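The values are calculated or read from the model by the stated rules, or taken from the named source; none is laboratory data. Please read these numbers as outputs of a predicted model, since none were measured by experiment. Positions of Cβ are generated from backbone atoms using ideal geometry, with glycine treated the same way; all protein chains shown enter the neighbour counts.
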Amino acid sequence: MRATCRRLNAQDAQDFQALRLEGFRLEPRAFRFASEDEAHVTPAAVAERLQRDFVVGAFSAEDAQLIGVGGLAWSDGVKTRHKALLYGMYVKAPHRGSGVADEIMKRLIDEASAKVEIITLTVVSSNLRALRFYQRWGFRAYGVEERSAKNEDGDYLDETLMALRFND
């Protein structure tokens, strides 16, 4: 891997949002969200998200550009605070297969395992590369939400629900 990873902070909000929107735009069948869903989110709201959630960014060793991200959102409900939601995993196409996603995931799991019992996520069921990646990290499917999202062209996306349990 020719990248460095670290937790993102409020100063990274613009780059984080730009990469997130890029992923939605370039990979419309890989995410349940569209760029239009978040294009209106203010920089202050993005900065607040980065302060609240645990978001890891990977930066290219060549030019220090943000090339990959993944985040954890903590549940604060009395009955759900034992869980975290993994969201927004995305690595720019030229860096896929380089170990960047593995480094992001390692940091996310290290952080979560010290705080929660379970990480949950959803992944578009047709995204076989992502499904295999999550399975390799120990996530197990426990269901499918059919027609979870609908693209502009009328194509539906099913999502596989997955979880990684630390205490099993």
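Here are a few things to note about the model shown:
- Among residues of the stretch 101-123 that are over 11 Å from A58 (Cα atoms), those with a beta-carbon under 8 Å from a residue that is among the acidic types (D, E) at least six positions away or on a different chain give the pairs T122/E145; T122/E159; V123/E159.
- Subset of the stretch 152-165 [in contact with a strand residue (DSSP E or B) (Cβ under 7 Å, 6 or more places away or on another chain) and touching a residue at least 12 places away in the same chain (Cβ under 8 Å)]: L157, D158, E159, T160, L161, M162, A163, L164, R165
- Residues in the stretch 95-105 that are more than 15 Å from the chain's Cα centre (by Cα), in a loop (DSSP other than H, G, I, E, B) and not polar (S, T, N, Q): G97, G99.
- Helices (runs of 4 or more DSSP H) enclosed by the stretch 4-92 - at least 1 residues per element that are buried (at least 16 other Cβ atoms within 10 Å of the Cβ) and either touching a residue at least 12 places away in the same chain (Cβ under 8 Å) or under 12 Å from the mean Cα position of the chain (by Cα) (or both): 13-26, 43-52
- Qualifying residue in the stretch 131-146 (condition: in contact with a strand residue (DSSP E or B) (Cβ under 6 Å, 6 or more places away or on another chain), farther than 15 Å from A84 by Cα, surrounded by 12 or more Cβ atoms within 10 Å (Cβ to Cβ) and in contact (Cβ under 8 Å) with a residue 60 or more places away in the chain): no
Residue by residue, here is whether (1) assigned to a strand (DSSP E or B); (2) hydrophobic (A, V, I, L, M, F, W, C); (3) modelled with pLDDT of 95 or more holds:
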position: R107; (1), (2), (3): no, no, yes
position: I119; (1), (2), (3): yes, yes, yes
position: V123; (1), (2), (3): yes, yes, yes
position: L131; (1), (2), (3): no, yes, yes
position: Q135; (1), (2), (3): no, no, yes
position: G138; (1), (2), (3): no, no, yes
position: A141; (1), (2), (3): yes, yes, yes
position: E145; (1), (2), (3): yes, no, yes
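Per-residue answers, yes or no, for (1) of a type outside the set (D, E, K, R); (2) under 23 Å from V144 (Cβ atoms):
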position	(1), (2)
E38	no, no
V41	yes, no
Q65	yes, no
H82	yes, no
P94	yes, no
D102	no, no
K115	no, no
V123	yes, yes
